[in-house]
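Report on one structure; see the data block that follows.
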Amino acid sequence: MLDQMGKLTAKDKRKVALFTLGCKANQCDTAAIGGILLNYGFTIVRYSENADFCIINTCTVTASTDSQCRQLIRKVARNNPAICIIVTGCYAERAPEELLNLQEVTAVVTNKAKDKIPKILSEISQKEHLHKEKIHIKAHTWENDLHSSEHYHMPDHTRVFLKIQDGCDERCSYCIVPYTRGPSRSLPEDAVLRRIEKLSEMGFKEVVLTGIHLGAYGCDLKLPSTLSKIIERIEKAKLVKRLRLSSIEPLEIDEMLLELLARSEILCPHLHIPLQSGDDRILRAMNRKYTTSQFLQIVDKIIKTKPDIAIGTDVIVGFPGEDERSFNNTLQYVQNLPLAYIHVFPYSPRPGTQAINLSNTTTEKEKKERVKVLQTIGRSKKDTFMKNLIGKRVSVLLERVADEKTATLRGLTEHYMPALVANCKQGSQNTIVDTFPEKVDGGFLIGRAIDHE
């Protein structure tokens, strides 16, 4: 039964499992869905075997992620045949009928209609049989956005993602996301501050500002703003210990942001700046708005402003037209960049994008080989960056116990580098500890805690 507010009564509480595939924006959406479901009277459980419902928040950025989504759906149904599976996210927005045709799926809810999920589950809960009929919930506008929700469910997390922007007005030729996420939309400044204040009260020490096109933040607001302006307001309000940016386009790193990086006490010295290709011809075909020369100038300016900053990037290999010469250009270009890490992706043709019509002569074998080459360079750069931190004072947000005998905890430095910190006090998870790294081993900075926050 439902009460007058549309929430489940205590005796009718249903258990829900949540799964997220894809980007940080999806993680934010899932956290919001979970928070609202708790408010409705549902119980969130870790394992789908114990659940009445399973909500799968999907990604569709590549054919591989589509396949992962379908595999997860089958696995959940196999482990719990009685479960009611609701699929949402970008895959559900792009190809709802494809998902509805899967016998394991009960309901498909598009990105536009994500805010309707709690009500849908409440209504299904009242039925005698959860699998009675197929349900397809869609909307025609992007007016209702879960990123404005004040409810969050992120158990056991010390860092939290806050989506302050969604959608994208750009049209990179390889990208399906503008079609599955809609136009750029921003959370008003005051709402951002309220969310961060609440997250800080919940105990989170680090807030990661995220969005589909984060650098476009504020352009659509009635009172226009910018990413730099909202960061400055967060800084002045002193609401959180650490603030991090998820990803930002190179041409959107303005002078104000550089100034904030230089003087901020909370903004982490870490930027993730997508490159995608180190060849100007390929960049033009991708509809990227910068040249390799401009990208390098921006990186140089960042390094001069904040010498110890960690800069990460994305690279796509095997884009249509990428021959041996253009790949070698990317290879040489990336080798010369002062990067802390590289995320490498093989190009995946997406129906509905401009690039789907381009001729591609790169074989899957060649893509895999190119991915491996760039990943090797990325590992080397990360190792070099971490070794340069040895003997320097870094702050580590301790996240979980790695070894009880040596009181070693695993955490993340302000530079986004994984660390193992020994000599920690009991119960020091979710605290920020000053650390002197002594060595790099197994992809981790190894050091000892100096003091606590």
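Show the residue pairs that are 6+ apart or on different chains and have beta-carbon atoms under 7 Å apart, the first residue being within the range 391-420 and acidic (Asp, Glu), the second being open to solvent by 50 Å² or more (accessible area, probe 1.4 Å) and outside any strand (DSSP E or B). Pairs found: Glu399/Gln429.
Within the range 86-107, no residue that is in contact (Cβ under 8 Å) with a residue 60 or more places away in the chain and closer than 19 Å to Gly167 by Cβ sits with its Cβ atom under 9 Å from a residue that is assigned to a helix (DSSP H, G or I) and of a type in the set (Gly, Ala, Ser) at 6+ positions apart or across chains.
When every residue of the range 49-69 is checked against the conditions, none turns out to be closer than 22 Å to Leu162 by Cα, in a helix (DSSP H, G or I), modelled with pLDDT under 90 and open to solvent by 10 Å² or more (accessible area, probe 1.4 Å). Considering only residues in the range 179-203 that are open to solvent by less than 20 Å² (accessible area, probe 1.4 Å) and without any contact (Cβ under 8 Å) to a residue 60 or more places away in the chain, the one that is farthest from the chain's Cα centre (by Cα) turns out to be Ala191.
Residue-wise test of (1) buried (at least 18 other Cβ atoms within 10 Å of the Cβ); (2) part of a helix (DSSP H, G or I); (3) of a type outside the set (Val, Ile, Thr).
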| residue | (1), (2), (3) |
| --- | --- |
| Asp300 | no, yes, yes |
| Ile311 | yes, no, no |
| Ile316 | yes, no, no |
| Pro320 | yes, no, yes |
| Gly352 | no, no, yes |
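Residues in the range 431-453 that are surrounded by fewer than 19 Cβ atoms within 10 Å (Cβ to Cβ) and either under 23 Å from Val240 (Cα atoms) or over 27 Å from the mean Cα position of the chain (by Cα) (or both): Asp434, Phe436, Glu438, Lys439, Arg448, Ile450, Asp451, His452, Glu453.
Out of the residues in the range 272-288 that are outside any loop (DSSP other than H, G, I, E, B) and among the basic types (Lys, Arg), which is least open to solvent (accessible area, probe 1.4 Å)? The residue in question is Arg281.
If the condition is being touching a residue at least 60 places away in the same chain (Cβ under 8 Å), open to solvent by 10 Å² or more (accessible area, probe 1.4 Å) and not β-branched (Val, Ile, Thr), then the range 205-241 contributes Lys205, Gly211, Lys241.
The values are calculated or read from the model by the stated rules, or taken from the named source; none is laboratory data. Only a predicted model underlies this, so the values are computations on that prediction, with no experimental measurement involved. Positions of Cβ are backbone-derived with ideal geometry, glycine not excepted, and every protein chain shown enters the neighbour counts. Surface areas here come from the heavy atoms of the whole protein model, side chains and all, with no ligands, DNA or RNA. Shrake-Rupley method; radii C 1.70, N 1.55, O 1.52, S 1.80 Å.
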